[in-house]
Ligand SMILES: NC(=O)c1ccc[n+]([C@@H]2O[C@H](COP(=O)([O-])OP(=O)(O)OC[C@H]3O[C@@H](n4cnc5c(N)ncnc54)[C@H](O)[C@@H]3O)[C@@H](O)[C@H]2O)c1
């Protein structure tokens, strides 16, 4: 067979997304009136969007809702009733899973619940759509994959919606065709304004409407130290506490981590990672950095990730941009570069910044319909759990380096990263950005994380000495098994 350019591009396009996961044939749900019976779990913001989707999605019927906040649960059930849907309501997810009429669960609870709720759903015989990240730590993600293997008839579909972007798929095929030469590096960007969450001298009482034991699930049971005017003491701002979230790299950033890794064609963890940054310019109780640089040392081409929560300049609300991109990815190649926007539009430029090509069909919005297609066809083509696990684990190991780091003067940090021009250039821009935000970088230190060696499958993360080794293996971002009633089943190493 003649290997034409067209045929090659087609082959690369298929190769651009990992091979689909085809399920065991007997896994199809027994349909009621030809419809898949769906439940949505966690209904505050993202879950509300999912709920509204399944009020209208052809081929499905929304039959149940679950939330540990009885106010939110009642409001959502009322909205469904007004739309003509009488749904069952559950506060305890475990009770929902006993409902045999439910075929698929859509999980939009906080990150620390994702792995356990996915595993429990699979064990109950349900198909799953789980929001990103797949896990709260590296080990948990591996347990989800083990559960997926054990329940090979069931769908696990991840909320990393860029995987449904035909633009990105085609741009990746373009890069793989060699049109831009070798990929030299990829940079992920999460420049997103994040303001102070406030400083509180005491923990806040939990509203009586929230079952806080269920909300905490496998995390450590501690009272909330936050009280957002918008979300109250429990919802959303958990992102900025290590017990539940991982800061913006794991929140918004995971989408761009995922896209950048996809462009690089890497299907394992990098041999090493190092992060630096800090929580600058804010006096609040949040724990996660608002400024972070993480360098993933893939052998073929590094992936460097930047989080910036401060504005372009103190007093402004606008945020910085890098090559015109705020939340996105830049893939730098021998003969030009590509930018990928938050909405998935890809533009190719030459090194003189002249536009060469553009992909802008904008198909991200098809992600939920693609999930339904996966349920019907019993084949997961986009957003496989394995991919979301890897991208989630990248965020976790980056955060591990930060958490194991120590404060150093910026001059010391500049010296320590001297070996990498890419890292130094990034640090230089970070310093300029901090100065524009009135951070006295000559006196305010930065956290410099150790270079962590990472096993490709995430079996081990180790450091330069025994102390770091021991701390890495004890890190809850590497492994946390949960607490009584909410133990993550140990299914593999
Ligand atoms: N794919 C995307 O682009 C995207 C966008 C936004 C959010 N998300 C993800 O969606 C998830 C939810 O985000 P959010 O902003 O809506 O968070 P949120 O904190 O505002 O809402 C979470 C909801 O889950 C409920 N909940 C918590 N524990 C529960 C449990 N055990 N059982 C049932 N309900 C429980 C809470 O009461 C709350 O109503 C996060 O993991 C986030 O990363 C994804």
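The values are calculated or read from the model by the stated rules, or taken from the named source; none is laboratory data. Source: prediction; values computed, not measured. All Cβ positions, glycine included, derive from the backbone under ideal geometry; neighbour counts span all protein chains shown.
Tabulated data for the structure shown
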quantity	calculated
Odd one out for residue 83, checked against (1) more than 9 Å from the ligand (Cβ to nearest atom); (2) within 27 Å of the chain's Cα centre (by Cα)	(2)
Yes/no for residue 397 being in the same structural domain as residue 450 (by TED's automatic domain parsing) and not in a helix (DSSP H, G or I)	no
Among the residues listed as 447, 461, the single one being crowded, with 21+ Cβ neighbours inside 10 Å and over 17 Å from residue 292 (Cβ atoms)	461
Matching option when the condition is surrounded by fewer than 21 Cβ atoms within 10 Å (Cβ to Cβ) and not in a helix (DSSP H, G or I), among 386, 382, 407	407
Hits in segment 78-91 (condition: crowded, with 20+ Cβ neighbours inside 10 Å and within 18 Å of residue 109 (Cα to Cα))	90
Residues located in segment 132-144, provided they are under 11 Å from residue 122 (Cβ atoms) and away from the ligand (no atom under 16 Å from the Cβ)	143
Flag for residue 126 being under 28 Å from residue 339 (Cβ atoms) and within 16 Å of the ligand (Cβ to nearest atom)	no
Residues within segment 303-318 that are part of a loop (DSSP other than H, G, I, E, B) and crowded, with 20+ Cβ neighbours inside 10 Å, tallied	3
Residues of segment 18-62 satisfying the condition of being away from the ligand (no atom under 16 Å from the Cβ) and at pLDDT 95 or above	35, 36, 37, 55, 56, 57, 58, 59, 60, 61
Flag for residue 289 being within 17 Å of residue 431 (Cβ to Cβ) and either in contact with a strand residue (DSSP E or B) (Cβ under 9 Å, 6 or more places away or on another chain) or in contact (Cβ under 8 Å) with a residue 24 or more places away in the chain (or both)	yes
Answer from 184, 73, 180 - the residue that is over 22 Å from residue 371 (Cα atoms), touching a strand residue (DSSP E or B) at 6+ places or on another chain (Cβ under 6 Å) and within 14 Å of the ligand (Cβ to nearest atom)	73
Checklist (1) assigned to a helix (DSSP H, G or I); (2) more than 11 Å from the ligand (Cβ to nearest atom) applied to residue 269, failing item	(1)
Filter result for residue 243 (closer than 20 Å to residue 405 by Cα and within 16 Å of the ligand (Cβ to nearest atom))	yes
Search result, residues across segment 134-193 that are assigned to a loop (DSSP other than H, G, I, E, B) and without any contact (Cβ under 8 Å) to a residue 40 or more places away in the chain	151, 178
Count - residues of segment 175-219 that are out of contact with any helix residue (DSSP H, G or I) (no Cβ under 8 Å at 6 or more places or on another chain) and closer than 30 Å to residue 333 by Cβ	6
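Per-residue answers, yes or no, for (1) touching a helix residue (DSSP H, G or I) at 6+ places or on another chain (Cβ under 6 Å); (2) assigned by TED's automatic domain parsing to the domain that holds residue 316:
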{"site": "409", "(1), (2)": "no, yes"}
{"site": "414", "(1), (2)": "no, yes"}
{"site": "417", "(1), (2)": "yes, yes"}
{"site": "423", "(1), (2)": "no, yes"}
{"site": "427", "(1), (2)": "no, yes"}
{"site": "483", "(1), (2)": "no, no"}
{"site": "488", "(1), (2)": "yes, no"}
{"site": "492", "(1), (2)": "yes, no"}
